[in-house]
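Input: a single structure, listed below in structure tokens.
The values are calculated or read from the model by the stated rules, or taken from the named source; none is laboratory data. It should be emphasised that the depicted structure is a prediction, and the values quoted were computed from it without experimental measurement. Cβ: placed from backbone, ideal geometry, glycine included. Neighbour counts: every protein chain shown.
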Amino acid sequence: MNIVVINGSPNKERSATLALTKAFLRGMNETAKFIHTADLQINPCRACYACWMATGGHCVQEDDAISVLEMIRAADLVIWSMPVYCYSAPAQCKALMDRTLCFNKPQMYIGKDGRAHHYGYEDGTKKTVLITSGGLPDITGNFDGLVFQLKHMFGSDTATICCAEGALLMQEDTAEIVKPYLDAVECAGTEYKAGGHILPKTQAILDTPFIPREDYIRNVNSLFEKMKRC
Ligand SMILES: Cc1cc2nc3c(=O)[nH]c(=O)nc-3n(C[C@H](O)[C@H](O)[C@H](O)COP(=O)(O)O)c2cc1C
């Protein structure tokens, strides 16, 4: 399977989110090509619409996004792996998401969801997974914007893993707390490969924060106090 991982974290290989994505791939027993958006020059979309009017779906800009878009075009599965920033995508990742406009067509239709869509990406055969993490302890209301964006852009069958309490993912002394979640992510990868979706039992684990949020808030607040003192 041709899988492309778009890592939208400026932490690149040290990204907490990427650790989840690698667990998902382990579960799939697949390898992938990794793109680190932080290493690339990705210009914003210029809204010239040349990709719709003149070039048959190809962007006319000359930057690093062009080769990434071609990799996405050729992929069977695209995994968007990114931290949630201000309830949305990190800016460089969002710039790349905007640039996928070239996969769509100007013509519109009313989809099964009752909404108007442009023909193109979201009704195609390419599959999409969103794997994201956030530093806040809430899932509802924190990741809604990002999930909405990805599902509407790339298809309502987009599988999503939204990990709250991300500060626990990379702490040395929290490995035991985090392990059942990482195991569930791996299991999600296996299920996704087998059936194209994550089973409800696994999704329920993925949608549950590691620890009660009052404990998490205490943990993070005291961590920052200690860091300030150093
Ligand atoms: C600019 C900025 C905005 C952020 N906004 C949010 C947010 O809206 N919600 C949240 O839960 N975490 C937010 N965070 C925290 C990151 O999402 C969190 O630390 C994440 O787990 C980092 O993942 P990474 O290591 O893969 O980059 C923000 C962090 C930064 C730097």
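Examine the stretch 69-78 for a residue that is of a type in the set (K, R), surrounded by 21 or more Cβ atoms within 10 Å (Cβ to Cβ) and over 19 Å from L18 (Cβ atoms), and state whether such a residue exists. Taking every residue of the stretch 69-78 in turn, none turns out to be of a type in the set (K, R), surrounded by 21 or more Cβ atoms within 10 Å (Cβ to Cβ) and over 19 Å from L18 (Cβ atoms).
Of all residues in the stretch 60-93, those satisfying the criterion of being of a type in the set (A, V, I, L, M, F, W, C) and either within 16 Å of the ligand (Cβ to nearest atom) or part of a strand (DSSP E or B) (or both) are L77, V78, I79, W80, M82, V84, C86, A89, A91, C93. Please determine, by comparing only the residues of the stretch 116-150 that are surrounded by fewer than 16 Cβ atoms within 10 Å (Cβ to Cβ) and modelled with pLDDT of 95 or more, which one is farthest from the ligand (Cβ to nearest atom). Among those that are surrounded by fewer than 16 Cβ atoms within 10 Å (Cβ to Cβ) and modelled with pLDDT of 95 or more, it is F148.
Step by step: first the residues of the stretch 151-166, then only those that are more than 9 Å from the ligand (Cβ to nearest atom) and in a loop (DSSP other than H, G, I, E, B), then the one that is surrounded by the fewest Cβ atoms within 10 Å (Cβ to Cβ). Which residue is that?
Looking at the filtered set, the residue picked out is D157.
Contact map, the stretch 140-152: residues that are farther than 15 Å from T17 by Cα paired with residues that are outside any helix (DSSP H, G or I) and within 14 Å of the ligand (Cβ to nearest atom), Cβ distance under 6 Å, separation 6+ or inter-chain. Pairs shown: N142/G134; N142/L136; G145/Y87; G145/S88; L150/L130. Scan the stretch 103-119 and tell me whether some residue there is touching a residue at least 40 places away in the same chain (Cβ under 8 Å), more than 30 Å from R218 (Cα to Cα), in a helix (DSSP H, G or I) and not polar (S, T, N, Q). Yes, the stretch 103-119 contains a residue that is touching a residue at least 40 places away in the same chain (Cβ under 8 Å), more than 30 Å from R218 (Cα to Cα), in a helix (DSSP H, G or I) and not polar (S, T, N, Q).
The sole residue among P137, P180 that is in contact (Cβ under 8 Å) with a residue 24 or more places away in the chain, in contact with a Phe, Trp or Tyr (Cβ under 8 Å, 6 or more places away or on another chain) and not aromatic (F, W, Y) is P137. Filtering the stretch 79-101 to residues that are farther than 14 Å from Q149 by Cβ and among the aliphatic types (A, V, I, L, M) leaves only I79.
Give just the number: which of (1) part of a loop (DSSP other than H, G, I, E, B); (2) out of contact with any Cys (no Cβ under 7 Å at 6 or more places or on another chain) does G57 not satisfy? Among (1) part of a loop (DSSP other than H, G, I, E, B); (2) out of contact with any Cys (no Cβ under 7 Å at 6 or more places or on another chain), G57 violates only (2). Could you say which residue among M82, M53 is modelled with pLDDT of 95 or more, surrounded by fewer than 17 Cβ atoms within 10 Å (Cβ to Cβ) and not hydroxyl-bearing (S, T, Y)? Exactly one of M82, M53 is modelled with pLDDT of 95 or more, surrounded by fewer than 17 Cβ atoms within 10 Å (Cβ to Cβ) and not hydroxyl-bearing (S, T, Y), namely M53. Contact map, the stretch 214-230: residues that are surrounded by 12 or more Cβ atoms within 10 Å (Cβ to Cβ) paired with residues that are at pLDDT 90 or above and among the polar types (S, T, N, Q), Cβ distance under 9 Å, separation 6+ or inter-chain. Pairs shown: N219/T174.
The condition (being among the hydroxyl-bearing types (S, T, Y), part of a helix (DSSP H, G or I), more than 13 Å from the chain's Cα centre (by Cα) and closer than 25 Å to W52 by Cβ) is satisfied by just one residue among T100, T174, T125: T100.
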